[in-house]
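The values are calculated or read from the model by the stated rules, or taken from the named source; none is laboratory data. It should be emphasised that the depicted structure is a prediction, and the values quoted were computed from it without experimental measurement. All Cβ positions, glycine included, derive from the backbone under ideal geometry; neighbour counts span all protein chains shown.
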Amino acid sequence: MVETTLWTNQSLITGLLNSSKKRRKKQANYYLASSRELTRLNSITKAPVIHHFSENISGVMTIHSWKIQNMFSKENVKRVNANLRMDFHNSGSNECFGFRMEMLGSLVFCISTVFMFLFSSSIIKPENVGLTLSY
């Protein structure tokens, strides 16, 4: 009876770990693809800003002689805003990912702390627990 229960628990834990591993792999692929796409879009919107600025610098005399500074200024602001929108989304996704990683690290730390305190002092020495938690 005990052997059957032990076998069932072991197979249950193995099944949960395998499904968890597949889910983590799927999520990692999703976030990696999203991050690459946002970085690509950020680069695509940055190129017109740089090109427009360099064209303005090279044609500054013509722009001043035709007195169309406002038109070029408004166009530059429009392109910078488009780039900043993509930069905002890219930064937001990175912050969200960072927050999730911090929460995962805190969870692992909390669980390991609980296990360290639950084990008897013959398994883990108290000074090693203190040293581990201080780092």
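In region 117-135, the residues that are within 21 Å of residue 105 (Cα to Cα) form Cβ pairs under 7 Å with partners that are polar (S, T, N, Q) and modelled with pLDDT of 85 or more, at six or more places apart or across chains, as follows: 133/113.
Tally up the residues in region 67-95 that are aromatic (Phe, Trp, Tyr) and more than 18 Å from residue 51 (Cβ to Cβ), please. Reasoning before the result, please.
To start, the set of residues in region 67-95 that are aromatic (Phe, Trp, Tyr) comprises 72, 88.
If we keep only those that are more than 18 Å from residue 51 (Cβ to Cβ) too, we end up with 88.
Here the count works out to 1.
For region 25-64, residues that are surrounded by 13 or more Cβ atoms within 10 Å (Cβ to Cβ) and aliphatic (A, V, I, L, M) total 4. The residues in region 73-121 that are polar (S, T, N, Q), farther than 21 Å from residue 34 by Cβ and modelled with pLDDT of 90 or more can be counted, and the count is 4. The helices (runs of 4 or more DSSP H) found wholly in region 42-135 and carrying at least 2 residues that are of a type in the set (Lys, Arg) and under 18 Å from the mean Cα position of the chain (by Cα) occupy 69-118.
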